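To keep things clear, I will list the structure first and then write my remarks on it.
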Amino acid sequence: MTKSKLSKTLKDTTLASHVGRQPDDHQGLVNVPVHRASSILFPTLAELHAATMDPARSAYGRTGTASTFALQDAIAALEGSGGATVLTPSGSSAISTVLLTFARPGGHFLVTDAVYESTRAFCDLVLKDFGVETTYYDPAIGAEIAGLIRPETTVIFLESPGSLTFEIQDVPAIVAAAKSHPDLVTILDNTWSTPLFFKPLGVGVDVSLQSVTKYIGGHADLMMGSLTASGTPLKLIRRMVRRLGLCVSPDECFLALRGLRTLAPRLERHQANGLALARWLEALPEVSRVLHPGLESFPGHDLWKRDFTGASGLFSFVVEPDADVAAMVDGMELFGIGYSWGGYETLILPAHMKSARSVVPWDEPGQVLRVHAGLEDPDDLIADLEAGLSRL
């Protein structure tokens, strides 16, 4: 089934099974086969020139093959609102690419204080040297962000929920403030939610960013990022990607497409397991706080409930300041110790909050532990957590 034959009224769970597939173009194969290429040959110079000028075609392997275009089409269909998707080699490269796209000497960025630490590092250690000033803002600022916008402000970078502590931003209010400034671009890192649980472009955000490494990949075996936009922002992003010489592996595109097909049922299980663990932890005396937007006790729960259709498996909880976290974590049977998240496996990792905030300091006593709830049985995960907490 080709993209053009799909009904515009299909649900996302159905779209995920069908978008980015063209069996008629590939001898009836259900999945788009891997297309590896560097040189691409054309019958005439005119055809070569036409392919060079068309973003939906490729004149050279670096600008994509059928594997690339299939995944881009699939992600764009889920993002909705008529956007098109550009792929990068990692989630971090998607962040650096889109920030570079809109960076200008003497320019000014507004970035949420709850941003992913790699985003903060790129602003502070790279963009600063290019003459771009970054102001970090309170994630709870909402419409009052209008007071921070300057004539030279070119970007508002949002992340909702925020990294590590999961603050929910009033994205529609921030976007409304930004729309009063025609040259101001809003960018939202939507990796936590994926387009199945929140659609940034649908509320007016200019660029939706995802680490495809996480939930779309879903199996902890690939690295990729995506940027979805339309109009001038899309044109500028495409130009920056080409100038930087960025490209993605067709083999990893194949894996990402395969992961995308099961994204909806996996997210349902991640959500259920995450909430089960969070609610169990919330009742324990040794846990001072659980940071999960899906809990009624979470400060941003009402905003989350208004804007989101679900929660992923990533959240945090806080234990006593003098707790022996290493004794707990090192002895876990099912909870892996490692970076990243979004795969089928459950993970746990201490979060170092002192360096992660600058505007709204994290001064709550206790150690923050970030959890990614995988696809295992929740009773087994709870039993492993219970044994770990007993070692504190």
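Every number here is computed from the coordinates shown, using simple stated rules; none is lab data. Worth saying up front: this structure is predicted, and the values here are computed from it rather than measured. Because the Cβ atoms are built from the backbone with ideal geometry, glycine has one as well, and the counts that use them run over all protein chains shown.
DSSP assigns beta bridges within region 3-261; of those with both partners inside it, close to 35 percent run antiparallel. Within the shell of other residues whose beta carbon sits under 10 angstrom from the beta carbon of Gly91, the net charge comes to 0, with Lys and Arg scored +1 and Asp and Glu -1. As a proxy for reagent exposure, ranking Trp304, Trp192, Trp280 by other Cβ atoms within 10 Å from fewest up yields Trp280, Trp304, Trp192. Hydrodynamic analysis of the chain uses the Kirkwood radius over alpha carbon pairs. Inserted into Stokes-Einstein at 4 °C and 1.567 mPa s, it gives a translational diffusion coefficient of 59 µm²/s. The distance between label points at Leu375 and Ala37 comes to 3.2 nm (points 7 Å beyond Cα on the Cα→Cβ vector). By the count of neighbouring beta-carbon atoms within 10 Å, fewest first, Met353, Met328 end up ordered Met353, Met328. For region 263-390, the spherically averaged projection of the C-alpha convex hull amounts to 8.1 nm². What the phi angles of region 305-322 give under the Karplus curve with 6.51, -1.76 and 1.60, with θ = phi - 60°, is a coupling list of 5, 5, 9, 10, 9, x, 10, 8, x, 9, 7, 9, 9, 10, 10, 4, x, 9 Hz, glycine and proline written as x. Counting Lys and Arg as +1 and Asp and Glu as -1 over every other residue whose Cβ lies under 11 Å from the Cβ of Phe298, the net charge comes to -2.
Per-residue Karplus couplings for region 191-208, computed as 6.51 cos²θ - 1.76 cosθ + 1.60 with θ equal to phi - 60°, are listed in order as 5, 4, 8, 6, x, 6, 10, 7, 10, x, 4, x, 9, x, 5, 7, 9, 9 Hz, Gly and Pro entered as x.
Evaluating 6.51 cos²θ - 1.76 cosθ + 1.60 at θ = phi - 60° for every residue in region 148-161, the Karplus couplings come out as 9, 6, 10, x, 8, 6, 10, 9, 10, 9, 10, 9, 9, x Hz, glycine and proline recorded as x. Spacing of the modelled spin labels on Ala121 and Arg279, each 7 Å from Cα toward Cβ, amounts to 3.8 nm.
Using only side-chain charges placed at the Cβ, +1 for Lys and Arg and -1 for Asp and Glu, the dipole size of the chain relative to its Cα centre rounds to 1920 debye. Between Ala37 and any residue 5 or more places off or on another chain, the built amide H atoms are never under 5 Å apart. Across the options Pro321, Phe298, Ala50, the greatest Cα extent toward the positive end of the charge dipole of the chain (unit charges at beta carbon of Lys, Arg, Asp, Glu) belongs to Ala50. With 23 Å as the limit on Cα-Cα distance, the pairs of Lys128/Lys354; Lys199/Lys305; Lys11/Lys199; Lys8/Lys179; Lys305/Lys354 that go past it are Lys8/Lys179; Lys305/Lys354. Each residue, Thr9 and Ser340, gets one label point 7 Å from its Cα in the Cβ direction; the gap between the two is 4.0 nm.
Ordering Asp324, Asp12, Asp113, Asp363 from the fewest to the most neighbouring beta carbons within 10 Å gives Asp363, Asp324, Asp12, Asp113.
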